Amino acid sequence: MLHLSLRHIKKMIKDIHTPEVTDVGVAIIREDGEDGFIWNVYLLNLSADLLEGVLVSSTGYGQINDEPIKTSVLRHSLDTVEPLDFSKIEAIMEDLFVLNNEYWVSFYIDKIMYDKKFVFLPGTISEEFFTSIPVIFKKGVLII
């Protein structure tokens, strides 16, 4: 039976190389829909590399009227995202903007796995924070 101390486990975790995610972002954009505006969430690949095996988990959490709230976790498989391109993750309801909206993205580049958590804080999905979104060429809120 293998017995590892907490010290050994911490050292093993510290020794795991986790590559930094750069040039990948998540944007939330208000777009015209059939019945008015719709908000869509996109994954942006701003790099020269192909993203493969792309998986995204999304969830919302926080408090409303001092009550803890957590939405369902949704999982999306985007397969690949070409260099300097984007892919739609999901639509998001405006009612959820009072929560933390988290997108945990994982993917491979050249058989190396990357992952990063993108969190839109309550109140940040707003015209006040709009910027020009590269490769989509629309205005929205972007986290890189």
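What follows draws every value from the coordinates through simple rules; no lab data is involved. Computed from a predicted model, the values in this text were never measured in an experiment. A quick note on method: Cβ atoms are made from the backbone with ideal geometry, for glycine too, and the neighbour counts reach across all protein chains shown.
Helix 6-15: angle to the longest alpha-carbon principal axis of the chain, degrees 0 to 90, nearest 10? Roughly 60 degrees between the two axes.
Among the trypsin sites (Lys or Arg not before Pro) in the stretch 78-144, those placed in a DSSP loop whose Cβ has at most 16 other Cβ atoms within 10 Å are 111.
Shown in residue order for the stretch 73-83 are the 3J(HN,Hα) couplings computed by the Karplus curve 6.51 cos²θ - 1.76 cosθ + 1.60 at θ = phi - 60°: 8, 9, 10, 10, 10, 9, 6, 10, 10, 5, x Hz (x for Gly and Pro).
The average projected area of the stretch 19-143, computed from the convex hull of its Cα atoms over all directions, is 8.1 nm².
On the basis of the beta-carbon distance and an R0 of 35 Å, residue 66 and residue 115 show a calculated FRET efficiency of 0.60. Taken about its Cα centre, the chain carries a charge dipole of about 900 debye when Lys and Arg each add +1 at the Cβ and Asp and Glu each add -1 at the Cβ. The slack in the chain from residue 32 to residue 50, taken as 0.36 nm per residue of separation less the alpha-carbon distance, amounts to 3.5 nm.
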